[in-house]
1. Starting from region 1-63, pick out the trypsin sites (Lys or Arg not before Pro) whose DSSP state is loop and whose Cβ has at most 16 other Cβ atoms within 10 Å.
2. Measure off 7 Å from each Cα along the Cα-to-Cβ vector at Glu65 and Ser27, then give the distance between these two points in nanometres to one decimal.
Amino acid sequence: MTAAMRGEVLCMYRRVLRIARGWQSQSGLAQETDAEKQYIIQEASTLFRQNKDITDAELIKKCIEECHARIEMGLHYRIPYPRPTHLPPMGLATQQGRKMRGQERLRKQARPIYLHSHDETS
């Protein structure tokens with residue numbers, strides 16, 4: 001990891017912690033606000049520690065893009081949790097027919113970037 005990438009990652013981590021410090025839930029209830037703040041801090045801590053040993057530049061860039069996407073989605077919708085996607089089981093038809101292996105590959109490709117690490121931590 002280059003020094004510039006390391007700086008960018010640390011800057012993002014600080015940004016997430018600052019967002020958590022000032023977070024206010026949509027309902028405005030103190031209990032929900034505290035729970036969401038704890039979720040943000042826990043999720044950030046888990047993902048950053050999980051990815052601390054990554055050395056591949058492309059994979060680091062993907063993780064950075066995912067972090068940016070999750071931050072923007074959370075701030076826009078005021079929901080810290082990842083927004084799930086709903087695809088019907090056989091909803092992505094291939095040209096050769098409806099084969100399960102092809103469907104699984106298409107479903108994986110159709111997943112938004114902000115959900116890539118969500119399955120790994122759940």
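1. Values: sites: Arg6, Arg14, Arg15, Arg18, Arg21, Lys37, Arg49, Lys52, Lys61, Lys62; in loops: Lys52.
Loop-located and lightly packed - Lys52.
2. 3.6
Taken together, the values in this text are just the output of simple stated rules run on the coordinates, not laboratory data. Every value quoted in this text rests on a predicted model; they were computed, and no experiment measured them. Positions of Cβ are generated from backbone atoms using ideal geometry, with glycine treated the same way; all protein chains shown enter the neighbour counts.
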